Amino acid sequence: MEDRLARMRLMVGEKALKRLKKSHVLVAGCGAVGGYVIEALARAGIGHLTIIDNDTISPSNINRQLVALHSTLGKKKVEVMKKRVLDIAPDIEVDTRDILINAESVEDILSCQPDFVVDAIDSLNPKVCLIEALVKANIPFISSMGAAMKTRPELVRTAKMKDSYQCPLAAFIRKRLRRRNIPLDFPVVYSPEKPDKAHLKMPENTEQKSGRVRHEMGSLPTLTGIFGLISAQVVLDHFLSKK
């Protein structure tokens, strides 16, 4: 009987499939971008996934997140994502961490010793914290930059962080990493499309607990999915390029 990896086997061969089966990938964030990363890696034959997210599913997630359905509203994203992954591939080892990534938690999070990490976090401080830890630990990774307010899928690409441009999120991250003397030669997925501020909504109540104004940014399901699938391809290329 044909197995679920038959088409992958035709593309990469049995030896490469065994390599993927032995690989451990940690995905930080399982929302709009991370969900597509996790799904692609599960379908491709990665044997061990660790999923990090501390958020619950809300109605505004439905337009772009694989875990977001009316039947999953209010549930933890990591729990829904794990159930989905095991429905795709029951033989995958899936670890979940319902935790916020910060300076206090990042060392513990990376103690699982992943072979590769995908940064699909959409919050600035946790993202910078994770990138810094990954660079210092010399763990291979790919970081997804901002997909919000982008509309042109043909412009999405990979580059070194220092070579990315026209991405506000990347600009903020570069500034903070330079202050910490972190090299900017790690890979990112980004788009050089100039963001359209017409897709930015200022909140009516700007008094936030964090003491800063939060903006709601428009996002297309197509663009976030492309960011995620390109990130997943970078992961596969990393393992498949090994002999």
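The values are calculated or read from the model by the stated rules, or taken from the named source; none is laboratory data. The shown structure was predicted, so the numbers you read here are calculated from the model rather than taken from an experiment. Ideal geometry is used to build each Cβ from the backbone, glycine not excepted, and the neighbour counts take in all protein chains shown.
Listed values, structure above:
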{"read-out": "Filter result for the condition that a residue is part of a helix (DSSP H, G or I) and under 18 Å from the mean Cα position of the chain (by Cα), over VAL67, VAL78", "value": "VAL78"}
{"read-out": "Neighbours by Cβ (under 9 Å, 6+ apart or cross-chain): first from the stretch 129-149, more than 18 Å from ARG178 (Cα to Cα); second assigned to a helix (DSSP H, G or I) and among the charged types (D, E, K, R)", "value": "MET149/LYS197"}
{"read-out": "Selected residue (criterion: nearest to MET145 (Cα to Cα)) from residues of the stretch 176-196 that are acidic (Asp, Glu) and loosely packed, with under 12 Cβ neighbours inside 10 Å", "value": "ASP185"}
{"read-out": "Output for the stretch 154-196, where each listed residue is among the acidic types (Asp, Glu) and either part of a loop (DSSP other than H, G, I, E, B) or in contact (Cβ under 8 Å) with a residue 60 or more places away in the chain (or both)", "value": "ASP185, GLU193, ASP196"}
{"read-out": "Criterion: assigned to a loop (DSSP other than H, G, I, E, B), in contact with a Lys or Arg (Cβ under 9 Å, 6 or more places away or on another chain) and either under 21 Å from PHE186 (Cβ atoms) or among the aromatic types (Phe, Trp, Tyr) (or both) - qualifying residue of ILE101, ILE109, ILE38", "value": "ILE101"}
{"read-out": "Residue check, GLY211 at pLDDT below 90, in a loop (DSSP other than H, G, I, E, B) and small (Gly, Ala, Ser)", "value": "yes"}
{"read-out": "Per-region count, the stretch 101-120, residues surrounded by fewer than 18 Cβ atoms within 10 Å (Cβ to Cβ) and among the aliphatic types (A, V, I, L, M)", "value": "1"}
{"read-out": "Matching residues in the stretch 114-153 - criterion: being over 13 Å from the mean Cα position of the chain (by Cα) and closer than 19 Å to VAL78 by Cα", "value": "PRO114"}
{"read-out": "The stretch 49-85 - residue that is among the small types (Gly, Ala, Ser) and surrounded by fewer than 20 Cβ atoms within 10 Å (Cβ to Cβ) and, of those, nearest to ALA147 (Cα to Cα)", "value": "SER60"}
{"read-out": "Flag for PRO90 being part of a loop (DSSP other than H, G, I, E, B), more than 19 Å from GLY228 (Cβ to Cβ) and modelled with pLDDT of 95 or more", "value": "yes"}
{"read-out": "Qualifying residue in the stretch 122-139 (condition: buried (at least 21 other Cβ atoms within 10 Å of the Cβ) and in contact with a Phe, Trp or Tyr (Cβ under 6 Å, 6 or more places away or on another chain))", "value": "yes"}
